[in-house]
Amino acid sequence: MEDYLIEHCSPTLASLKTANLFNYIYDADEQLHAYIDELNRDLRGKGVSIVILRKYERSALIYVYREKKLQADLAQNGVEDFLKNFGYEKFSAGEAISVLQTRFEKEGTFPHEIGIFLGYPLGDVIGFIENAGRNSKCSGCWKVYCNECEAVRLFAKYEKCKEVYKRLFHQGKTAWQLTVAV
């Protein structure tokens with residue numbers, strides 16, 4: 001599981017990004033929940049939390065996030081009104097994540113407002129939805145519809161972070177050691 005954290009979540013562990021997602025293949029429910037519980041015990045003190053957004057037959061969509069950053073993202077201008085369109089009524093990080101989990105379970109599709117939960121700019125999330133994923137200015141971690149220069153800068157920063165974290169992890173550092181406390 002630590003390999004997945006480093007590969008997919010380095011910018012979140014480094015406190016550069018609100019959150020990341022990854023799909024994790026597991027053998028047994030007990031094993032999956034034990035991994036998640038252990039990681040939460042280790043990383044919560046550093047401001048990182050991990051939840052399962054959706055479970056499939058032998059894979060789970062794992063959401064790794066920084067609650068304070070998510071709360072700040074949810075409080076940005078326009079985000080609350082935007083999320084109300086998708087059935088969100090309460091905007092604490094925990095309550096919003098709970099609605100997101102429910103949307104995954106009930107609708108069986110990938111709710112595109114998840115971009116807000118990953119720290120993507122509201123304009124880009126709206127642009128993605130309105131354009132059905134087409135006509136973006138560029139793409140990297142997400143499809144960009146608004147501030148291309150800033151997004152390209154962030155994409156490079158996230159990629160550099162991932163490279164550094166992977167190198168340090170392969171040199172023996174743990175995910176806990178690489179997680180920035182905030």
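The values are calculated or read from the model by the stated rules, or taken from the named source; none is laboratory data. Model, not experiment: these values are computed from the prediction. In this analysis, Cβ positions are derived from the backbone assuming ideal geometry, glycine residues included, and neighbour counts consider all displayed protein chains.
It is to be established whether one or more residues within region 89-96 are of a type outside the set (A, V, I, L, M), assigned to a helix (DSSP H, G or I) and farther than 28 Å from Phe169 by Cβ.
yes
Inside region 140-182, can you point out the residues that are part of a loop (DSSP other than H, G, I, E, B) and either within 13 Å of Pro121 (Cβ to Cβ) or of a type in the set (A, V, I, L, M, F, W, C) (or both)?
Gly140, Cys141, Trp142, Tyr145, Cys146, Asn147, Val180, Ala181, Val182
For residues that are hydroxyl-bearing (Ser, Thr, Tyr) and surrounded by 14 or more Cβ atoms within 10 Å (Cβ to Cβ), scanning just region 152-178, find the one that is nearest to Leu5 (Cα to Cα).
Tyr165
Look at region 99-134 and say how many of its residues are more than 16 Å from Asn85 (Cα to Cα), of a type outside the set (A, V, I, L, M, F, W, C) and without any contact (Cβ under 8 Å) to a residue 24 or more places away in the chain.
Selection size over region 99-134: 7.
Take Ile129 and tell me if it is at pLDDT 95 or above and within 17 Å of the chain's Cα centre (by Cα).
No, not satisfied.
What are the residue pairs meeting all of these: first residue in region 21-41, first residue among the β-branched types (Val, Ile, Thr), second residue not in a helix (DSSP H, G or I), Cβ atoms under 7 Å, and 6 or more apart or on different chains?
Filtered contacts from region 21-41: Ile25/Arg58; Ile25/Ser59; Ile36/Ile50; Ile36/Ile52.
I'm checking my understanding of the structure. Among residues of region 110-142 that are of a type in the set (Val, Ile, Thr) and farther than 11 Å from Val79 by Cα, which one is surrounded by the fewest Cβ atoms within 10 Å (Cβ to Cβ)?
In this case the residue turns out to be Ile129.
Within region 53-83, track down each residue that is under 20 Å from Phe22 (Cα atoms) and in contact (Cβ under 8 Å) with a residue 40 or more places away in the chain.
Result: Leu53, Arg54, Leu61, Ile62, Tyr63, Val64, Tyr65, Arg66, Lys69, Leu70.
Look through region 74-88, keep the residues that are in a helix (DSSP H, G or I) and not acidic (Asp, Glu), and return whichever of them is farthest from Leu118 (Cα to Cα).
Lys84
Would you mention how many residues in region 119-145 are of a type in the set (A, V, I, L, M, F, W, C) and within 16 Å of Glu159 (Cβ to Cβ)?
Summing the residues that are of a type in the set (A, V, I, L, M, F, W, C) and within 16 Å of Glu159 (Cβ to Cβ) in region 119-145 gives 4.
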